[in-house]
Amino acid sequence: MFSIARSALRPSLARGLAASASRSYLHTLPALPYAYNALEPHISEAIMKLHHDKHHQAYVTGLNTAEESYAKAPSVKDQIALQAALKFNGGGHINHSLFWKNLAPVNEDGGKLESGALKSAIERDFGSVEDFKKKFNTTTAAIQGSGWGWLGYNSATKKLEIVTTANQDPLLSHTPIIGIDIWEHAFYLQYHNVKADYLTAIWNVINFKEAEKRFAEATI
Ligand SMILES: [Fe+2]
């Protein structure tokens, strides 16, 4: 078997190999699993187009740029300087990729939570589905600035919990079951400054089938 120890290579050659390796792992914008107007009237076509094609694309482009720079960074200090860009753009890509999948048109089961393991766990941990939604919306609306509201599974307590993350920080403390984007770009064109109306409306298009799948995988 032929192999090259990285330490045996000239630094410039090693960096070149790392850079070409990173290029083969370029991240790409995932297609929306439904039409841009499929979530209307709850989320408008204009929001979905901008949100997916411009905002999510910007995180993908930023992540690829940051990874490329990281691979070429000449020192650990230069790599550390790129951590914020990796976290912000990588988190943005992870979060939005989850978000598109946890939405679904009303005529494709959006908003419908059937009886089963997830519904039972929500009722166990929050009292009722309605109480869960109320608590989720209150907690998420209180985020100062931009961030995400999550229904997450805590593998230590074996419970569902509502948590928030700031900016584009991904959810690392829990397994994400449902994530809702609370950046203004997610609702401002339609709901203006009334965050509460966006949060009330979005439950009509939450893909609980996807949430059930994530919950099943988290609790195996
Ligand atoms: Fe967003």
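Observations
- Looking across Glu123, Glu114, one residue alone is over 26 Å from Ile47 (Cα atoms) and either assigned to a loop (DSSP other than H, G, I, E, B) or among the aromatic types (Phe, Trp, Tyr) (or both). It is Glu114.
- Considering Phe126, Phe187, Phe208, the condition of being surrounded by 20 or more Cβ atoms within 10 Å (Cβ to Cβ), more than 23 Å from Tyr36 (Cα to Cα) and modelled with pLDDT of 95 or more is satisfied by Phe126 alone.
- Considering (1) away from the ligand (no atom under 13 Å from the Cβ); (2) out of contact with any Phe, Trp or Tyr (no Cβ under 7 Å at 6 or more places or on another chain); (3) closer than 21 Å to Ile43 by Cβ, the lone condition that Thr164 does not fulfil carries the number (2).
- Filtered residues of region 168-184 (kept if surrounded by 15 or more Cβ atoms within 10 Å (Cβ to Cβ) and within 17 Å of Thr139 (Cβ to Cβ)): Asp169, Leu171, His174, Pro176, Ile177, Ile178, Gly179, Ile180, Asp181, Ile182, Trp183
- Annotation note: of Leu82, Leu103, the sole residue that is modelled with pLDDT of 95 or more and within 16 Å of the ligand (Cβ to nearest atom) is Leu103.
- All of (1) in contact with a strand residue (DSSP E or B) (Cβ under 8 Å, 6 or more places away or on another chain); (2) in a helix (DSSP H, G or I); (3) touching a residue at least 40 places away in the same chain (Cβ under 8 Å) hold for Lys135 with one exception: (3).
- For region 56-77, a residue qualifies if it is in contact with a helix residue (DSSP H, G or I) (Cβ under 7 Å, 6 or more places away or on another chain) and either outside any loop (DSSP other than H, G, I, E, B) or within 16 Å of the ligand (Cβ to nearest atom) (or both), and the qualifying residues are His56, Tyr59, Val60, Gly62, Leu63, Ala66, Glu67, Glu68, Tyr70, Ala71, Lys72.
The values are calculated or read from the model by the stated rules, or taken from the named source; none is laboratory data. The shown structure was predicted, so the numbers you read here are calculated from the model rather than taken from an experiment. Using ideal geometry, Cβ is built from the backbone for each residue, glycine included, and neighbour counts are taken over all protein chains shown.
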